[in-house]
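The values are calculated or read from the model by the stated rules, or taken from the named source; none is laboratory data. Computed from a predicted model, the values in this text were never measured in an experiment. Note: ideal-geometry Cβ built from the backbone for every residue, glycine included; neighbour counts use all protein chains shown.
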Amino acid sequence: MSLFDQLMHQAQGLDLGAVAQRVGLTPDQIATAGRALLPQIADPDVDNHQATADVAAQTGISHGQLSAMIPAILEQAKQLGAAGGPFASVLNGLGVAPPEPGAAPAAPAAAAPAGGESIFDKIKHAVDQDGDGNPLNDIMNKLGGH
């Protein structure tokens, strides 16, 4: 089972149609590109920009669409409660420390646990390197989308 398929299983209910519409692709293109790109991104020894360029050449999907696809998938997976496993592998490959093992599942963003931020808030802050409150642009930068 590919890393993409593992993430789909982990984030049950992930809507490829919504991701596809958001980035101007079809659900089949999202699945094909996800299967090709996510394992490379999860490997911290792979240059994400080059991997994205390679998958763009293989699939005919533009580099910009691929760069927008990853944060769209991760955002939706996060909203569905994905943590650890394939989700953490992709975050790790993007240079974001995965949540600590045994950490409690994240509460919805509106209801952070008493005494601090949810795990996803911590991930968001770790990814949001420029501090603008939008971690997605930082993920796109890591993929060479800007």
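Any chance segment 20-32 includes a residue that's within 20 Å of Gly85 (Cβ to Cβ), of a type in the set (A, V, I, L, M) and out of contact with any helix residue (DSSP H, G or I) (no Cβ under 7 Å at 6 or more places or on another chain)?
No: segment 20-32 contains no residue that is within 20 Å of Gly85 (Cβ to Cβ), of a type in the set (A, V, I, L, M) and out of contact with any helix residue (DSSP H, G or I) (no Cβ under 7 Å at 6 or more places or on another chain).
Residue-by-condition table, conditions (1) surrounded by 17 or more Cβ atoms within 10 Å (Cβ to Cβ); (2) aromatic (Phe, Trp, Tyr); (3) modelled with pLDDT under 95:
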| position | (1), (2), (3) |
| --- | --- |
| Ile41 | yes, no, yes |
| Gln50 | no, no, yes |
| Ala57 | no, no, no |
| Ala72 | yes, no, yes |
| Phe87 | yes, yes, yes |
| Asn92 | no, no, yes |
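Just need a number here: residues in segment 10-32 that are in contact (Cβ under 8 Å) with a residue 40 or more places away in the chain and part of a helix (DSSP H, G or I).
6
Within segment 116-123, identify whether any single residue is over 19 Å from Phe4 (Cβ atoms), at pLDDT 65 or above and of a type in the set (D, E, K, R), and answer yes or no. Talk me through it step by step, then tell me what you get.
Keep residues of segment 116-123 that are over 19 Å from Phe4 (Cβ atoms), which gives 116-123.
Now narrow it down to the ones that are at pLDDT 65 or above: none.
No, every residue in segment 116-123 fails to be over 19 Å from Phe4 (Cβ atoms), at pLDDT 65 or above and of a type in the set (D, E, K, R).
So, Arg35, is that one in contact with an Asp or Glu (Cβ under 9 Å, 6 or more places away or on another chain) and either over 21 Å from Asp138 (Cβ atoms) or in contact (Cβ under 8 Å) with a residue 40 or more places away in the chain (or both) or not? Even if it seems obvious, please write down each step before you answer.
Numbers: in contact with an Asp or Glu (Cβ under 9 Å, 6 or more places away or on another chain): yes; either over 21 Å from Asp138 (Cβ atoms) or in contact (Cβ under 8 Å) with a residue 40 or more places away in the chain (or both): yes.
Against the criterion (in contact with an Asp or Glu (Cβ under 9 Å, 6 or more places away or on another chain) and either over 21 Å from Asp138 (Cβ atoms) or in contact (Cβ under 8 Å) with a residue 40 or more places away in the chain (or both)), Arg35 qualifies.
Under 7 Å between Cβ atoms, which residue pairs at least 6 apart in sequence (or on different chains) link something in segment 48-59 that is closer than 14 Å to Ile70 by Cβ with a partner that is of a type in the set (D, E, K, R)?
Listed pairs, sorted by first residue: Asn48/Lys142.
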